Amino acid sequence: MTLIVMGIESSCDETSVAIMRDDILISNVTATQEVHASYGGVVPELASRAHAQNIIPVIHTSLKYANLQKKDVNVVAFTLGPGLVGSLMVGISFAKSFAQALNIPIVAVDHLYAHIFASFIQFPDDKHPVPEFPFLCLTVSGGHTQLLKVSDYDDIEIIGETIDDAAGEAFDKAAKILGLPYPGGPMIDKLAKSGDPHYFHFTKPKVPDFQFSFSGLKTSLLYLVRDNLKKDPDFIEKYKEHLAASYQRTIVEILVEKTLKAAKQYGFKNIVLAGGVSANSELRQTFINSGKQLGYKTFIPPINLTTDNGAMIAYLGKILYERGITSPLNVKQYATGERR
Ligand code: KG4
Ligand code: ZN
């Protein structure tokens, strides 16, 4: 019998609803919230309001795209956390009432775990290989930077993580310094393409083992820009491409160096890249090239499944459901920084 799983993601600033038919993703519809662009970051109350407005239309569009009706859905998976409470609540409340009305089970999914498996998702016309367990995963998103030992879908161990800002945050804060709108990652990525990555030098942080730190890097950029603006008010305008390229190169080098060091030390053969920052063109390229050079198998999600999406929630929800895991109706969200 066919299994139809709906996945709902609403932890931050994307309202996204996906549908899987058995192992294949047949629909993934995302409403991105433009409202935060001028604020330099996500404004929680505005995010909750936008989710409340978007959720029903996105559900309808996703079902329509899949050529299905509400009654065809067998399981509803949704993001339980971590994220913004008001945003999470919109998706969770919808999922619970939808499931109750249809008398179908719900499966609560962890957002960070879901990111890890984005590169496993199969499309109708594109069946591709997936990594074998255990593998090393570098998750780089707006809120997290983690190196993980992934032994199974629910057996995940943190090898190292950031002690301050996340990689995505480092991109977003740099963009703010350069006067670019939120989210900064895609803007820096674009500017960097026409800049010299060795024009400016940023010192890499000295943090032990597999920890990361990005706040010093951001401060170096801030001081560099501030000092130069005193001498030349057009400094940013004249050098923004070089600034973006040099800053991006430094982040990519830090991420890839640590990942390869962990792969070597722990003896992993397969390395997976995940999270919003895995959309970064230089990171993707460097990750694949250095993996190839050193004999690792590397896996990166397709661009549309790098940033937050319902597909990764549907995928992991389906796996958990098939393992007999469902959630009670009183299951409760957890915010960023709270224990799951
Ligand atoms: O995974 P995600 O969508 O949301 C969280 O779970 O946090 O990640 C969003 C982050 C933002 O910080 C955004 O600037 C960054 O991913 N990002 C990028 C790129 N696209 C998105 N960073 C660098 N280069 C990109 N092309
Ligand atoms: Zn995310």
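Would you be able to say whether some residue in the range 124-143 is within 17 Å of residue 92 (Cα to Cα) and either modelled with pLDDT under 95 or touching a Gly at 6+ places or on another chain (Cβ under 7 Å) (or both)? Checking the range 124-143: not a single residue is within 17 Å of residue 92 (Cα to Cα) and either modelled with pLDDT under 95 or touching a Gly at 6+ places or on another chain (Cβ under 7 Å) (or both).
Just to be sure, is residue 108 more than 16 Å from ligand 1 (Cβ to nearest atom), in contact with a Leu (Cβ under 7 Å, 6 or more places away or on another chain), of a type in the set (A, V, I, L, M, F, W, C) and within 22 Å of residue 72 (Cα to Cα)?
Details: more than 16 Å from ligand 1 (Cβ to nearest atom): yes; in contact with a Leu (Cβ under 7 Å, 6 or more places away or on another chain): yes; of a type in the set (A, V, I, L, M, F, W, C): yes; within 22 Å of residue 72 (Cα to Cα): yes.
Against the criterion (more than 16 Å from ligand 1 (Cβ to nearest atom), in contact with a Leu (Cβ under 7 Å, 6 or more places away or on another chain), of a type in the set (A, V, I, L, M, F, W, C) and within 22 Å of residue 72 (Cα to Cα)), residue 108 qualifies.
The residue of the range 23-42 that is nearest to residue 312 (Cα to Cα), among those that are buried (at least 18 other Cβ atoms within 10 Å of the Cβ) and without any contact (Cβ under 8 Å) to a residue 60 or more places away in the chain, is 27.
Every test in (1) closer than 29 Å to residue 19 by Cβ; (2) surrounded by fewer than 21 Cβ atoms within 10 Å (Cβ to Cβ); (3) under 20 Å from the mean Cα position of the chain (by Cα) is passed by residue 279 save one, and that test is (2). The residues on offer are 96, 149, and the sole one that is surrounded by fewer than 24 Cβ atoms within 10 Å (Cβ to Cβ), away from ligand 1 (no atom under 15 Å from the Cβ), at pLDDT 95 or above and closer than 20 Å to residue 167 by Cα is 149. Pairing residues of the range 302-317 that are under 17 Å from residue 153 (Cα atoms) and within 10 Å of ligand 2 (Cβ to nearest atom) with residues that are part of a loop (DSSP other than H, G, I, E, B) and at pLDDT 95 or above, at Cβ distances under 8 Å and at least 6 apart in sequence or on separate chains, gives 312/117; 312/121. The criterion of at least 2 residues that are within 14 Å of ligand 2 (Cβ to nearest atom) is met by the following strands (runs of 3 or more DSSP E) wholly inside the range 117-181: 135-140, 145-152.
Select from the range 125-146 the residues that are within 16 Å of ligand 1 (Cβ to nearest atom) and of a type in the set (A, V, I, L, M) and write down the one among them that is nearest to the chain's Cα centre (by Cα).
Filtering the range 125-146 down to residues within 16 Å of ligand 1 (Cβ to nearest atom) leaves 137-146.
Imposing the further condition that a residue be of a type in the set (A, V, I, L, M) reduces the set to 138, 140.
Details: 138: 11, 140: 7 Å.
For the range 125-146, the residue satisfying everything is 140.
Within the range 73-89, the set of residues being more than 14 Å from ligand 1 (Cβ to nearest atom), surrounded by fewer than 23 Cβ atoms within 10 Å (Cβ to Cβ), in contact (Cβ under 8 Å) with a residue 60 or more places away in the chain and closer than 24 Å to residue 47 by Cα comprises 85, 89.
Scanning the range 188-219 for residues that are more than 27 Å from residue 337 (Cβ to Cβ) and of a type in the set (A, V, I, L, M) yields 191, 192.
Scanning the range 182-219 for residues that are crowded, with 17+ Cβ neighbours inside 10 Å, in a loop (DSSP other than H, G, I, E, B), more than 9 Å from ligand 1 (Cβ to nearest atom) and not hydrophobic (A, V, I, L, M, F, W, C) yields 195, 197, 205, 213.
The residues on offer are 268, 299, and the sole one that is within 17 Å of the chain's Cα centre (by Cα) and away from ligand 1 (no atom under 16 Å from the Cβ) is 299.
The values are calculated or read from the model by the stated rules, or taken from the named source; none is laboratory data. Nothing here was measured: the structure is a model prediction, and the numbers come from that model. Note that each Cβ is placed from the backbone with ideal geometry, even for glycine, and that neighbours are counted across all protein chains shown.
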